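See below for the structure under consideration.
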């Protein structure tokens, strides 16, 4: 997969092009076609590529079985992924010990987006891709979204289109290449390669792919469930970009631009943010131990699902898929179905005129590094319904209250290749100047420039905060 | 441990002081006392604080036992660390599968150094610290080198001196704060907090502590086994620093300075380095599984040691320690004793006049992120003695040959709190302009500025490469 370096220096690293941040900002300001037209194109691709997803009991989940010794749900090839048990102990949070199923997928997926200048403006090649867990079938997805099990054709299907651009060095100029975590309560140690490669030459077109500017993608983010999670995480890793805002503009978009550009107006230096995150990574004790599924307490397996006895958290279910435009035409797989709609929210506040987000040090058993920077609130509100207020996440009541001004409130999907109808309400709410800047020790304030800098390296910013970062950039 | 933020902004982040890089460079250029005098002070501290380390069989290793079910070597409190088994499979390197003992230490140690301006020059507070595994007893160590088991006084001893500066926010200005890995073949998932805090006020003096400039520490690095591994890793994480070299100077020190400062003369952009490392992190398959020690194949346990049947790799041995100036006066502990002297070497080459190091993508089972950037060569040469050349590490013969010019060749110690007489030869060798810049895919060239930038984030640069980075900065 890795070819030897040639003696030539890699990539056109020193061209006379404008700085990347400026080219990205121009792409964000360019909207050649309205979102409605793009959504119509997506719907048209969905009609052109019919598919069918059917509920099946585990006994009919072809290719999958419960391992007789462990009770883990595994594929007969040993590849793809498995559902295993995890035992967790921690000294942080309201629950000190629990057992849970968790998805183990040692494969590193490539989440790759091709970029190219068209008429002088950067465009990104987005795929109309069906995933069996999507609430709406097809969403705008990265150019390539594929694991080695796929692109090495473990399933004996077709090779993922365009994957060679990301596997073979020298095919283009790398704009982003970083391993990032995924949902730390659902995946154990999962990491994906988030990569953007810019090519100079034309790319062979295909009817399920479309070149979009950042501005068009931002527009699509104002509609529910159109830009999939994989696309959102890749694009969130792009370097910071914004055109200098009109100093008089009072819009939230201008505040976002200022917060993305400023180095001087930050509440604390970047080293202060890093100090805060390292202290929170080093502080808590988190001991996780892989256990056989049959030893996972409080969870039950029926013919159709694995579920917690309380009915909360999530279920593991089986699905059979028939599709007309995928590498293989038919397959079965388990999906993780969350119970209830998730909520992720950034509280934002202007401090000395500069927009700051309130970040939380988020501990999850599946993180490789214990704690990552997460949104102010990240939970399933249904779990905290009812009169009992104890254990209610900090700031949950605030973000749902009338005391805040919502700038963004859109449902977005988690990845439909592993998650069934997993929808998360994305909220950005602003608090006023009377809101205290003092926080509990596991929260802190940072600018969008700082959040972007942190997201450039692995295991610093969680997938939910990265997703919200992209939504923030979409504000006008 | 974490106190709430106050409403005041953390730290004096916006002072009118000179930039940190310049202050560090001035500290590196300042040598108020010669190395011989500092070495004499260290020897004097050793005489003042007598200690005794005795070999003991496992049966007499008070406080430690082999767990009856697993055979793991554990402390009776369950704290400190344990020696467990690991099963490893990988598709990279000459060996596809093996079992080994490995140290598991979930504790995050604090490796903390206090900094302070004295007469306008940054000094660092170094401790004359004994560790039972040190070949020479006492070495220059960080101000604080302590695990929660220590500073929370699990052993019921005294609290580590100065630890409050690193646990309590607002005690100073944070210059470095990053979690870094340790030896990936000996530790499983270990991470330490590398932290430097600058204080403005005087610090209570103590006879075992001394304030040194970077220049003095660099001088000490030219003598064997005086600056311990923990001090080397913390100092290697400092931001890049160098005074602009005399353009005419032909010294290696001037080449190091230029390579530390330059942004334009790099063989590839930083994104190219990151692309290379991410590709190498994402490429190999590495599956590790914790197993009970009793299932570890090819290793034998006697009354006195755990060893590989080949006599290679390392042994686990027991030691009883009596010390006069430690938190507890007497204790027993296991140590990992490597078989043979290690070798770590950076090949350096001037490309278009700018010094580059040749880095290797180093895969180890204990890394949290599979692969980190390592030195050109990292091995125990004794393991490759004899006529059989197959499996010999790339570039090993080169760095030991007459074809290269050695700029640095000094024995340095691994951490004596876990490792017994673990000594590693540190080499920096230069190759000429005829040496090809083409490399195998798991090697690449980068400047010292780029290496420093990579080392600023977790799990990018391994401990051996960080140690060599500091030695490179010590060249004149």
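Could you run through region A:81-104 and say how many residues are crowded, with 21+ Cβ neighbours inside 10 Å and within 20 Å of the chain's Cα centre (by Cα)?
3
Starting from residues that are within 14 Å of chain A (Cβ to nearest Cβ) and within 23 Å of the chain's Cα centre (by Cα), keep the ones in region B:240-275 and report whichever is surrounded by the fewest Cβ atoms within 10 Å (Cβ to Cβ).
Start the filter on region B:240-275 by keeping residues that are within 14 Å of chain A (Cβ to nearest Cβ), which leaves B:262-275.
Applying the additional criterion that residues be within 23 Å of the chain's Cα centre (by Cα) yields B:273-274.
Values: B:273: 24, B:274: 20.
Result: B:274.
Among the numbered conditions (1) on the phi > 0 side of the Ramachandran plot; (2) within 14 Å of chain A (Cβ to nearest Cβ); (3) in contact (Cβ under 8 Å) with a residue 60 or more places away in the chain, tell me where residue B:78 comes up short.
(3)
Tell me whether region B:88-100 contains one or more residues that are in the same structural domain as residue B:25 (by TED's automatic domain parsing) and in a loop (DSSP other than H, G, I, E, B).
As a first pass, look at region B:88-100 and keep what is in the same structural domain as residue B:25 (by TED's automatic domain parsing): none.
Checking region B:88-100: not a single residue is in the same structural domain as residue B:25 (by TED's automatic domain parsing) and in a loop (DSSP other than H, G, I, E, B).
Which strands (runs of 3 or more DSSP E) sit wholly inside region A:105-178 and have at least 2 residues that are within 14 Å of chain B (Cβ to nearest Cβ) and crowded, with 20+ Cβ neighbours inside 10 Å? Reasoning before the result, please.
Values: elements: A:110-118, A:121-130, A:138-141, A:144-146.
Those strands (runs of 3 or more DSSP E) span A:110-118, A:144-146.
Against the condition over 30 Å from residue B:284 (Cβ atoms), within 14 Å of chain B (Cβ to nearest Cβ) and at pLDDT below 95, how does residue A:92 come out, does it pass? Don't jump to the end; show me each part of the working.
Working: over 30 Å from residue B:284 (Cβ atoms): yes; within 14 Å of chain B (Cβ to nearest Cβ): yes; at pLDDT below 95: yes.
Taking the combined requirement at face value, the residue satisfies it.
When you go through (1) away from chain A (no Cβ under 14 Å); (2) crowded, with 20+ Cβ neighbours inside 10 Å; (3) in contact with a strand residue (DSSP E or B) (Cβ under 8 Å, 6 or more places away or on another chain) one by one for residue B:219, which number turns out not to apply?
Unmet condition: (3).
Run residue B:205 past the list (1) closer than 27 Å to residue B:22 by Cβ; (2) over 22 Å from the mean Cα position of the chain (by Cα) and report the number of the one that doesn't hold.
(1)
Looking at region B:38-57, is at least one residue without any contact (Cβ under 8 Å) to a residue 12 or more places away in the chain, loosely packed, with under 14 Cβ neighbours inside 10 Å and in contact with a helix residue (DSSP H, G or I) (Cβ under 9 Å, 6 or more places away or on another chain)?
No: region B:38-57 contains no residue that is without any contact (Cβ under 8 Å) to a residue 12 or more places away in the chain, loosely packed, with under 14 Cβ neighbours inside 10 Å and in contact with a helix residue (DSSP H, G or I) (Cβ under 9 Å, 6 or more places away or on another chain).
If I ask for residues that are more than 14 Å from chain A (Cβ to nearest Cβ), in a loop (DSSP other than H, G, I, E, B) and buried (at least 19 other Cβ atoms within 10 Å of the Cβ), which ones from region B:186-204 would you list?
Step one: of region B:186-204, the residues more than 14 Å from chain A (Cβ to nearest Cβ) are B:186-187, B:199-204.
Cutting the leftovers down to in a loop (DSSP other than H, G, I, E, B) gives us B:186, B:199-204.
Of everything in region B:186-204, just one residue is more than 14 Å from chain A (Cβ to nearest Cβ), in a loop (DSSP other than H, G, I, E, B) and buried (at least 19 other Cβ atoms within 10 Å of the Cβ), namely B:186.
Give just the number: which of (1) surrounded by fewer than 24 Cβ atoms within 10 Å (Cβ to Cβ); (2) at the interface with another protein chain (Cβ under 9 Å from one of its Cβ atoms) does residue A:459 not satisfy?
The single condition residue A:459 does not satisfy is (1).
Can you find even one residue in region B:180-197 that is modelled with pLDDT under 95 and over 29 Å from residue A:269 (Cα atoms)?
Within region B:180-197, one or more residues are modelled with pLDDT under 95 and over 29 Å from residue A:269 (Cα atoms).
Take the residues in region A:64-78 that are surrounded by 12 or more Cβ atoms within 10 Å (Cβ to Cβ) and more than 28 Å from the chain's Cα centre (by Cα), then tell me which one is nearest to residue A:328 (Cα to Cα). Step through it out loud before you land on a result.
So in region A:64-78, the residues surrounded by 12 or more Cβ atoms within 10 Å (Cβ to Cβ) come out as A:64-67, A:70-75.
Narrowing further to those that are more than 28 Å from the chain's Cα centre (by Cα): A:65-67, A:70-71.
Working: A:65: 20, A:66: 23, A:67: 25, A:70: 29, A:71: 28 Å.
Of everything passing the filter in region A:64-78, A:65 is nearest to residue A:328 (Cα to Cα).
Considering only residues that are in contact with a strand residue (DSSP E or B) (Cβ under 7 Å, 6 or more places away or on another chain) and closer than 14 Å to residue B:255 by Cβ, which ones fall in region B:452-476?
Of everything in region B:452-476, those that are in contact with a strand residue (DSSP E or B) (Cβ under 7 Å, 6 or more places away or on another chain) and closer than 14 Å to residue B:255 by Cβ turn out to be B:472, B:475.
Quick one: which residue in A:295, A:327 is touching a residue at least 40 places away in the same chain (Cβ under 8 Å), within 25 Å of the chain's Cα centre (by Cα), surrounded by fewer than 18 Cβ atoms within 10 Å (Cβ to Cβ) and more than 14 Å from chain B (Cβ to nearest Cβ)?
Details: A:295 fails: within 25 Å of the chain's Cα centre (by Cα).
Selected residue: A:327, the only one of A:295, A:327 that is touching a residue at least 40 places away in the same chain (Cβ under 8 Å), within 25 Å of the chain's Cα centre (by Cα), surrounded by fewer than 18 Cβ atoms within 10 Å (Cβ to Cβ) and more than 14 Å from chain B (Cβ to nearest Cβ).
Out of B:390, B:413, report the one residue that is more than 14 Å from chain A (Cβ to nearest Cβ) and at pLDDT below 95. Write out each step before concluding.
Working: B:413 fails: at pLDDT below 95.
The match here is B:390.
Which of (1) surrounded by fewer than 18 Cβ atoms within 10 Å (Cβ to Cβ); (2) under 30 Å from residue B:197 (Cβ atoms); (3) free of Cβ contacts under 8 Å to residues at least 24 places away in the same chain does residue A:352 not meet, given it meets every other one?
The failed condition is (3).
Can you list the strands (runs of 3 or more DSSP E) lying wholly within region B:205-317 that have 1 or more residues being at pLDDT below 95? Let's see the steps before the verdict.
Details: elements: B:209-212, B:286-291, B:299-301, B:305-308.
By residue number, B:286-291.
Say whether the condition of being modelled with pLDDT under 95, touching a strand residue (DSSP E or B) at 6+ places or on another chain (Cβ under 6 Å), within 14 Å of chain B (Cβ to nearest Cβ) and not in a helix (DSSP H, G or I) is met by at least one residue in region A:340-349. Lay out the reasoning, then the answer.
Taking region A:340-349 as the starting set, the residues that turn out to be modelled with pLDDT under 95 are none.
Within region A:340-349 (the criterion being modelled with pLDDT under 95, touching a strand residue (DSSP E or B) at 6+ places or on another chain (Cβ under 6 Å), within 14 Å of chain B (Cβ to nearest Cβ) and not in a helix (DSSP H, G or I)), the answer is no, since none of the residues qualifies.
The values are calculated or read from the model by the stated rules, or taken from the named source; none is laboratory data. Computed from a prediction, not measured in an experiment: that's the story for all the values here. Glycine gets a Cβ as well: all are built from the backbone with ideal geometry, and neighbour counts include every protein chain shown.
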